[in-house]
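Report on the structure given below.
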């Protein structure tokens, strides 16, 4: 009696093992990115406890014509909040001058706030920083000059919503014990799309490398009109 061969259905051509590894790594990368994006945008909210003792507006790109749309969003949101307070509070505008910026981000922000009616007696410039870690690290010296203690006093951080998870993480790492956040919209669509991809990666970079409080090289002191004078 003839023995019949077992039937084996054709399963198609199997992908090369290396290709399967590459596909697996891409899939894993997409999953990690999705998790990071969820973490970033989970913090995209306004959270204010009580009345902050001071506000820090984080800098962003300045164009030849003035603050970029993202920076205007931050400033307008801050002005709306500050205008509703019973009395003005100190506002630190934090941001240095990039190579392609006509003035420092701090100066552009101060001018914008003053033109909108906020008293320059309550505006303090931190114009040495070039990233978020430096924004928050360098602002500590101004808070100290204002007799404010981030370990005890409520400090309001103002930025676009996508930026606040990273800003809060760094602030708490640098000793800000009582952080409130004010989330500005991101009305410039191209920037919003760009930041969707950039910010999760920036969060990882800051988590891994921004461990120490940045030390400002030029000592900042508070001038009589509320701005800052830079000493050598």
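The values are calculated or read from the model by the stated rules, or taken from the named source; none is laboratory data. All of these numbers come straight from a predicted model, not from anything done at the bench. Don't worry about glycine lacking a Cβ; one is built from the backbone with ideal geometry, like all the others, and counts go over all protein chains shown.
Out of the residues in the stretch 123-142 meeting the condition of being within 12 Å of residue 56 (Cα to Cα) and in a helix (DSSP H, G or I), tell me which one is nearest to the chain's Cα centre (by Cα).
So the residue we want is 132.
Just to be sure, is residue 46 modelled with pLDDT of 95 or more and either touching a strand residue (DSSP E or B) at 6+ places or on another chain (Cβ under 6 Å) or surrounded by 16 or more Cβ atoms within 10 Å (Cβ to Cβ) (or both)?
Spelling it out, it is not the case that residue 46 is modelled with pLDDT of 95 or more and either touching a strand residue (DSSP E or B) at 6+ places or on another chain (Cβ under 6 Å) or surrounded by 16 or more Cβ atoms within 10 Å (Cβ to Cβ) (or both).
Can you confirm whether residue 186 is assigned to a loop (DSSP other than H, G, I, E, B) and crowded, with 16+ Cβ neighbours inside 10 Å?
It is true that residue 186 is assigned to a loop (DSSP other than H, G, I, E, B) and crowded, with 16+ Cβ neighbours inside 10 Å.
Quick check on residue 25: is it surrounded by fewer than 13 Cβ atoms within 10 Å (Cβ to Cβ), in a helix (DSSP H, G or I) and at pLDDT 80 or above?
yes
What's the number of the only condition in (1) buried (at least 18 other Cβ atoms within 10 Å of the Cβ); (2) modelled with pLDDT under 95; (3) part of a helix (DSSP H, G or I) that residue 214 fails to meet?
Of everything listed in (1) buried (at least 18 other Cβ atoms within 10 Å of the Cβ); (2) modelled with pLDDT under 95; (3) part of a helix (DSSP H, G or I), residue 214 misses just condition (3).
Given 54, 42, 37, which one is in contact with a helix residue (DSSP H, G or I) (Cβ under 6 Å, 6 or more places away or on another chain) and either farther than 25 Å from residue 202 by Cα or touching a residue at least 40 places away in the same chain (Cβ under 8 Å) (or both)?
It is 37.
Any idea how many residues of the stretch 143-183 are free of Cβ contacts under 8 Å to residues at least 24 places away in the same chain and either surrounded by 22 or more Cβ atoms within 10 Å (Cβ to Cβ) or not in a helix (DSSP H, G or I) (or both)?
2
Can you tell me which residue in the stretch 72-84 is surrounded by the fewest Cβ atoms within 10 Å (Cβ to Cβ), limited to those that are in contact with a helix residue (DSSP H, G or I) (Cβ under 9 Å, 6 or more places away or on another chain) and without any contact (Cβ under 8 Å) to a residue 40 or more places away in the chain?
Only one residue fits best here, namely 79.
Would you confirm whether any residue within the stretch 41-49 is more than 23 Å from residue 142 (Cβ to Cβ) and part of a helix (DSSP H, G or I)?
yes
A quick yes/no check of all residues on (1) loosely packed, with under 15 Cβ neighbours inside 10 Å; (2) within 20 Å of residue 136 (Cα to Cα); (3) within 19 Å of the chain's Cα centre (by Cα):
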{"site": "61", "(1), (2), (3)": "no, yes, yes"}
{"site": "86", "(1), (2), (3)": "yes, no, no"}
{"site": "95", "(1), (2), (3)": "no, yes, yes"}
{"site": "105", "(1), (2), (3)": "no, yes, yes"}
{"site": "112", "(1), (2), (3)": "no, no, no"}
{"site": "115", "(1), (2), (3)": "yes, no, no"}
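Against the condition under 23 Å from residue 205 (Cα atoms), part of a loop (DSSP other than H, G, I, E, B) and without any contact (Cβ under 8 Å) to a residue 60 or more places away in the chain, how does residue 96 come out, does it pass?
Here the answer is yes, as residue 96 does meet what is asked.
Do we find a residue being over 30 Å from residue 138 (Cβ atoms), modelled with pLDDT under 80 and either touching a strand residue (DSSP E or B) at 6+ places or on another chain (Cβ under 7 Å) or part of a helix (DSSP H, G or I) (or both) anywhere in the stretch 8-17?
yes
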